[in-house]
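Data first, discussion second: the structure below is written as structure tokens.
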Amino acid sequence: MHVSDSFIGRHKSELDTPALLIDLDIMEKNIQKMADYITSVNTELRPHVKTHKTPIIAQKQIKAGAIGVTCAKLGEAEEIIKTGIRDVLIANQIVGKHKIARLINLAKRSEIIVAVDDAENVQDISEAAVKDGVDVRILVEVNIGMNRCGVKPGESALTLAQQVLQSPNLTFEGLMGYEGHTVANPKRDERERATREAIQWLVNTKDYLNKHGLEVPIMSGGGTGTFDITGSIPEMTEVQAGSYVFMDSTYNKVEGVGDKFDCSLSVLSTVVSRPERNRIIVDTGLKVLTKEFGIPQPIGYIGLEMTGLSEEHGKLQVSNGNVSLSPGDKLEILPTHCCTTVNLHNRYYGVRDEIVESVWDIAARGRSQ
């Protein structure tokens with residue numbers, strides 16, 4: 001038994017800190033809420049496991065109706081596939097001899113799909129697939145405004161799709177586009193307008209391919225911030241939302257998202273010092289919390305603000321004299337970005353009614369290759 005398993009059955013306040021907590025009731029409600037929405041539209045759910053990086057949670061999402069999962073990296077896909085999940089999209093380009101060999105190995109035991117945006121990469125994947133006698137499913141990624149990966153809409157996408165169709169042991173499955181530049185806009189009307197404009201580039205590209213005789217079975221995109229916008233567009237077939245399982249303080253402020261899903265993830269910390277009445281120091285710093293979306297804040301306290309993070313410490317300013325925390329006391333911190341915070345931890349402590357019910361290793365934590 002791992003030492004962390006000994007906490008099962010105890011109150012969460014007995015956990016050693018820092019500890020990454022999941023409120024299981026809230027997480028399960030979030031999973032069900034998304035599943036219920038998907039049944040009301042024509043799109044399917046292919047949730048992104050880069051948020052939780054954990055096969056157990058992926059299995060819960062599939063049990064609730066997801067058709068498969070999305071991964072960001074080969075390492076994530078390897079951890080997910082070895083648990084029996086077969087329908088996996090790597091929403092990223094897999095480039096280079098070594099990584100393509102790993103992709104081909106996954107294709108031997110799953111129905112792997114991979115995104116492409118480069119002709120030479122398509123040729124390399126095809127040659128490797130032929131050599132090992134496997135088939136690889138392909139989505140052509142289209143740049144719909146995020147200006148990250150992806151070919152230009154229209155003719156460039158058609159040219160690459162035609163190459164995929166003509167390449168041995170590759171199957172052209174459709175198109176993918178991610179409107180990541182719109183997902184976190186807190187104003188619903190602005191977010192919807194920008195999202196529909198972005199997705200229209202993908203729809204136009206589908207129409208262009210259709211006119212040239214190409215079928216486009218899959219149209220994949222979307223995130224938590226746009227799940228019910230992208231998901232309502234008739235031409236879209238998949239939504240890749242991921243953060244909805246946990247949420248965070250950033251998504252919680254996004255109109256139409258924060259009022260549908262609740263925050264289930266937190267980091268339990270311990271007060272290690274109160275050198276002055278107006279300053280509290282906790283054992284929760286940059287090595288367990290991220291701050292690219294802002295400094296995380298404590299849950300449940302008025303007049304208590306986290307003002308800075310160093311490697312191992314969090315500094316909190318006290319403006320309310322009724323805050324009686326002292327060294328040894330514990331409090332929870334709400335992440336501002338759930339995905340990057342998760343990747344700093346080795347395990348989750350699943351809590352129900354404040355009692356530790358389960359301990360799950362974050363199997364794909366650090367699997368960035």
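The values are calculated or read from the model by the stated rules, or taken from the named source; none is laboratory data. Predicted, not measured: the structure shown is a model, and the values here were computed from it. As a convention, Cβ positions derive from the backbone with ideal geometry for all residues, glycine included, and neighbour counts pool all protein chains shown. We work out accessible area using only protein heavy atoms, side chains counted, and drop any ligands, DNA or RNA first. Shrake-Rupley method; radii C 1.70, N 1.55, O 1.52, S 1.80 Å.
Some notes on this structure:
- Residue check, Leu139 at pLDDT 95 or above, part of a helix (DSSP H, G or I), buried (at least 17 other Cβ atoms within 10 Å of the Cβ) and aliphatic (A, V, I, L, M): no
- Residues in region 334-358 that are in a strand (DSSP E or B), aliphatic (A, V, I, L, M) and buried (at least 19 other Cβ atoms within 10 Å of the Cβ) were compared, and the one that is farthest from the chain's Cα centre (by Cα) is Val356.
- Members of region 283-321 that are acidic (Asp, Glu), free of Cβ contacts under 8 Å to residues at least 60 places away in the same chain and farther than 28 Å from Ala184 by Cα: Glu312
- Meets criteria (more than 23 Å from the chain's Cα centre (by Cα) and within 21 Å of Leu160 (Cβ to Cβ)) for Val95: no
- Picking from residues in region 76-93 that are in a loop (DSSP other than H, G, I, E, B) and not β-branched (Val, Ile, Thr), the one that is most open to solvent (accessible area, probe 1.4 Å) is Lys82.
- The residues of region 60-75 that are open to solvent by less than 30 Å² (accessible area, probe 1.4 Å) and either over 15 Å from Gly222 (Cβ atoms) or not in a helix (DSSP H, G or I) (or both), listed by number, are Ala66, Gly68, Val69, Thr70, Cys71, Ala72, Leu74, Gly75.
- For first residues located in region 221-234 and more than 20 Å from Ala72 (Cβ to Cβ) and free of Cβ contacts under 8 Å to residues at least 60 places away in the same chain, partners that are among the hydroxyl-bearing types (Ser, Thr, Tyr) and open to solvent by less than 10 Å² (accessible area, probe 1.4 Å) and lie 6+ apart or on another chain with Cβ distances below 7 Å form the pairs Ile229/Thr195.
- Pairs linking a residue in region 322-350 that is more than 10 Å from Leu20 (Cβ to Cβ) to a residue that is among the basic types (Lys, Arg), with Cβ atoms under 8 Å and 6 or more positions apart or on different chains, are Leu325/Arg274; Ser326/Arg274; Pro327/Arg274; Thr336/Lys291; Cys339/Lys50; Asn343/Lys53; Asn343/Arg365.
- Cβ pairs under 7 Å, 6+ apart, first in region 123-136 and under 10 Å from Leu103 (Cβ atoms) and part of a loop (DSSP other than H, G, I, E, B), second open to solvent by less than 20 Å² (accessible area, probe 1.4 Å) and modelled with pLDDT of 95 or more: Val134/Ile104; Val134/Ala107
- Taken as a whole, the structure leaves Ile112 outside the set of residues that are open to solvent by less than 10 Å² (accessible area, probe 1.4 Å), out of contact with any Phe, Trp or Tyr (no Cβ under 6 Å at 6 or more places or on another chain) and under 25 Å from Thr290 (Cβ atoms).
- Test for Ser156: is it farther than 19 Å from Thr250 by Cβ, out of contact with any Cys (no Cβ under 7 Å at 6 or more places or on another chain), without any contact (Cβ under 8 Å) to a residue 24 or more places away in the chain and of a type in the set (S, T, N, Q): yes
- Pick from region 12-44, criterion in contact with a Gly (Cβ under 9 Å, 6 or more places away or on another chain) and under 25 Å from Ser368 (Cβ atoms), ranking: most open to solvent (accessible area, probe 1.4 Å): Pro18
- Here the condition is being over 30 Å from Thr270 (Cβ atoms) and of a type in the set (A, V, I, L, M, F, W, C); of Ile26, Ile22, Ile38, Ile56, it holds for Ile38 alone.
- Counting only strands (runs of 3 or more DSSP E) that sit wholly inside region 235-333, not one has at least 2 residues that are at pLDDT below 95 and open to solvent by less than 10 Å² (accessible area, probe 1.4 Å).
- The number of residues in region 1-35 being in a helix (DSSP H, G or I) and under 24 Å from Asp228 (Cβ atoms) comes to 11.
- Scan of region 172-229 for residues that are touching a Pro at 6+ places or on another chain (Cβ under 9 Å), open to solvent by 10 Å² or more (accessible area, probe 1.4 Å) and within 15 Å of Ile138 (Cβ to Cβ), ordered by number: Phe172, Glu173
- Residue count, region 142-171 (criterion: crowded, with 18+ Cβ neighbours inside 10 Å and not in a loop (DSSP other than H, G, I, E, B)): 9
- As for region 171-180, it holds at least one residue that is touching a strand residue (DSSP E or B) at 6+ places or on another chain (Cβ under 6 Å) and of a type in the set (Asp, Glu).
- Residues in region 321-346 that are of a type in the set (Asp, Glu) and in contact with a Pro (Cβ under 8 Å, 6 or more places away or on another chain): Glu332 alone.
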